[in-house]
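Following: one structure in structure tokens, then a few remarks.
The values are calculated or read from the model by the stated rules, or taken from the named source; none is laboratory data. Note that the coordinates shown come from a computational prediction; the quantities given were computed from them, not determined experimentally. Virtual Cβ from ideal backbone geometry, glycine too; neighbours counted across all protein chains shown. Note: areas computed on protein heavy atoms with side chains; ligands, DNA, RNA excluded. Shrake-Rupley method; radii C 1.70, N 1.55, O 1.52, S 1.80 Å.
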Amino acid sequence: MRSKKRGHFCKGCGGFLPNEKFSGRGHREHLCKECKKAGKLVSTESNSDYNRNFHLLSKAIRNCMIVYMEYESFFLFEYQNSRYIIGDDLSSDIYVYQGDKEQKFLVSEKLQKSEVVMEVLCKKYYDTMDNGHSFDYEELKYDEFVEISKKRRQHLEVISSIQHFK
Ligand SMILES: [Zn+2]
């Protein structure tokens, strides 16, 4: 198994940074010291709207899975009956998979990168890792005994489309 990503996600910079870049409170807010100082991403939504959206999104984003490939890794999930994919450092765009169309991947319009979306994705990402839903692609492809739910197995189609794509 590849080593897990160290550090912590900053939604201001949009990437993983080493732990020492965060203050205690910054950890929880997912903002590094610099972004905090710069006052980045001060939420314009009221707190209750934010919490409500957070809760709704948390429920709607399901069947998450991390897939490690040789040179890159991806975070995949289901949202409103579509499948989505983002690079596993969460810094890429969010793509929606449309298997029946010629263009298989589109930058998502329904789910755009906003503070609340990134916060939910980040939480889901850590939960996915903690719950052991991260896999090596090769292992998944060739070992039919890897325990993985049917829903998650559907993500493999998305991954193999990426490969054809290249
Ligand atoms: Zn930052």
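With respect to the cross-link table entries 11/151; 101/123; 59/124, which display a Cα-Cα separation exceeding 20 Å? Spell out each step's value before the answer.
Numbers: 11/151 28 Å; 101/123 31 Å; 59/124 10 Å.
As for pairs spanning more than 20 Å Cα to Cα, those are 11/151; 101/123.
Can you give the accessible area per residue of the chain, in Å², using a 1.4 Å probe? Each step should come with its number before you reach the end.
Details: 10060 Å² over 166 residues.
Per-residue value: 61 Å².
In the chain, what percent of the accessible surface is made up of carbon and sulfur (1.4 Å probe, ligands and nucleic acids excluded)? Working shown, then result.
On the way: 4810 of 10060 Å².
Carbon and sulfur: 48 percent of the exposed surface of the chain.
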Most fluctuating residue of 62, 52, 83 in a GNM of the chain with Cα springs under 10 Å: which is it?
52
For the chain, the longest principal axis of the Cα atoms and the Cα long axis of helix 115-130 enclose an angle in degrees, to the nearest 10, of 60 degrees
Nearest 10, in degrees from 0 to 90: the angle of helix 47-60 to the longest Cα principal axis of the chain is 10 degrees
Could you let me know the centre-to-centre spacing of the range 54-97 and the range 121-166, using Cα atoms, in angstrom?
10 Å
How about the range 75-154: which GluC sites (Glu not before Pro) there lie in a loop by DSSP and see at most 16 other Cβ atoms within 10 Å?
102, 109, 144, 147
